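K.L.:
This structure is in structure tokens; I'll ask about it shortly.
Just so you know, all these numbers are worked out from the coordinates, no wet-lab data involved. Keep in mind that what you see is a predicted model, and the values were worked out from it rather than measured. A quick note on method: Cβ atoms are made from the backbone with ideal geometry, for glycine too, and the neighbour counts reach across all protein chains shown.
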Amino acid sequence: MKSLAFQEVVLTNFKNYAEARFSFGDKFNLISGLNGIGKTNLLDAIYYLSVGKSYFTPYDQRVVRQDELFFRLEGNLLKDALEHKIIMKVKPGILKELVLDNVAIPRISEHLGYIPVVFSAPRDIDLVYGSSQSRRRYIDHLLCQVDQDYLKALVTYNHLLDMRSAALKKGFPDLRRIITTYDEQMAPLAGLIFEKRKWVVEIFMPLLKETYLTLSEKREGIDLIYESGLFEYPYDVLADMHWETDRNTGRSNAGIHKDDYKLSIKEMPAREFGSQGQVKSLIFALHLSKYSILRDQSGFKPILILDDIFDKLDERRLQRLMEILMADDFGQVFISDTSSRRVSEVLPTLQLHHIEM
């Protein structure tokens, strides 16, 4: 499996950083320091260089340092023994430019998948307790990193969905004809997205079950069920069936934007019956399974970012996680913690690069 690692990043006006430069090791990178000092912001900068946006917000206005008009990120990346330079220049609302090896990338979305990445943060609890939108976005992000056709179909579908929903709210005299026009364009896109989601869940399921069993020391089983109206009817039939409801409510009530991925533990809904430890193990099993798919589909060991993992795992589960991460299947890993001792005690010193903030 090919290697992938950030050697250095430079931050300018990014969140709480006026200007800073950080160098990294090829395996484990521990970023330690008090809360509020910028550990998570550094991890988010690495993620931003990898996918072209923040992990925590879609709005660049919330990323730029207070009272500044722009931010800039630079990264030196070693990919399959070749060095690459990535520069991200952003003036929120005005300019967003990505330059790779001195060549400007026409669209930021074209960069997605070039640096496969998995980010774990305390907010990921929403994958279990949050709305279906959180779970859709999680699977969508995985698919968009490995399949440009899926990315294009999803972007186009969502754009048409926005226009369809806006038309429903305005209630034009010839509304039925307008909606039919949108549905004709959305139907093949919905079909492609549905098939890709089915495909990835089929791959995801055995990985998720195996990883969870390892993390939980084989205490119980879990399940992931993909729910979609397209299992019963194609999009155009669903849309026609919901036409009256759509017109009366002013919104689009059927389609792949309503899909969900139901998580269960011991055949019971995880959000209702999962203990804290079970839910935390399930979330990490999701991330590690996502990592495996990205690795196998891209041919590279993805960047793995673990923010504040001690907030989520007890010592026993953490030990199991670290044993997994020390395998050759994993590449560069970033870990943040308030204490340098807890991580350094379970990781080999020669593989650990420590940044104390």
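K.L.:
Obtain the nm distance between the two label points defined at Arg21 and Ser131 by a simple spin-label model: each point lies 7 Å from its Cα along the Cα-to-C-beta direction.
P.N.:
In this crude spin-label approximation the distance works out to 4.4 nm.
K.L.:
Here's another thing I want to ask about it. Give the aspartates and glutamates whose C-alpha is closer than 13 Å to that of Lys39, dropping any in the same chain fewer than 8 places away, or say none.
P.N.:
The reachable aspartates and glutamates, counting only those whose Cα sits under 13 Å from Lys39, are Asp307, Asp308, Asp337, Glu356.
K.L.:
Would you calculate the separation in nanometres between label points at Met163 and Glu227, each defined as 7 Å from the Cα along the Cα-to-beta-carbon direction?
P.N.:
3.1 nm
K.L.:
Sticking with the crude label model, points 7 Å out along Cα→Cβ, report the distance from Lys198 to Val99 in nm, one decimal please.
P.N.:
Inter-label distance under the simple model: 4.6 nm.
K.L.:
Same structure again: For the stretch 157-173, just list the computed ³J(HN,Hα) in residue order, Karplus coefficients 6.51, -1.76 and 1.60, θ = phi - 60°, integers in Hz, with x standing in for Gly and Pro.
P.N.:
4, 5, 5, 5, 4, 4, 5, 4, 5, 5, 5, 4, 5, 7, x, 4, x
K.L.:
If you split all Cα-Cα distances of the chain into 10 Å bins from zero, what percentages do you get per bin, shortest first?
P.N.:
Once binned at 10 Å, the Cα pair distances of the chain give 5, 22, 30, 26, 13, 4, 0, 0.
K.L.:
Semi-axes of the equivalent ellipsoid for the stretch 125-299, please: Cα gyration tensor eigenvalues, times 5, square-rooted, ordered largest first, whole Å. Display every interim value, and only then the final one.
P.N.:
On the way: eigenvalues 235, 64, 29 Å².
Over the Cα atoms of the stretch 125-299, the semi-axes work out to 34, 18, 12 Å.
K.L.:
Moving to a separate point now. Quote the relative contact order of the chain in percent (integer), defining contacts as alpha-carbon pairs under 8 Å separated by 6+ residues.
P.N.:
Working: 610 pairs, mean separation 92.9, N = 357.
26 percent.
K.L.:
While we're looking at this one, here's another question. Looking at this model, which pairs from Lys79/Lys218; Lys15/Lys169; Lys27/Lys290 are more than 30 angstrom apart at the alpha-carbon?
P.N.:
On the way: Lys79/Lys218 36 Å; Lys15/Lys169 37 Å; Lys27/Lys290 19 Å.
Flagged as over cut-off: Lys79/Lys218; Lys15/Lys169.
K.L.:
If you project the alpha carbons of the stretch 282-349 onto the principal axes, what extent comes out on each, in Å, largest first?
P.N.:
Computed over the Cα atoms, the extents are 35, 27, 18 Å.
K.L.:
Counting only DSSP beta bridges with both residues in the stretch 1-139, what percent are antiparallel, rounded to the nearest 5? Spell out each step's value before the answer.
P.N.:
Numbers: 32 of 32 bridges.
Given both bridge residues lie in the stretch 1-139, the antiparallel proportion sits at roughly 100 percent.
K.L.:
Calculated FRET efficiency, Met1 and Glu323, Cβ-Cβ r, R0 22 Å, to nearest 0.05? Please report the intermediate quantities before stating the final value.
P.N.:
Values: r = 19 Å, r/R0 = 0.86.
Once the sixth-power term is evaluated, E becomes 0.70.
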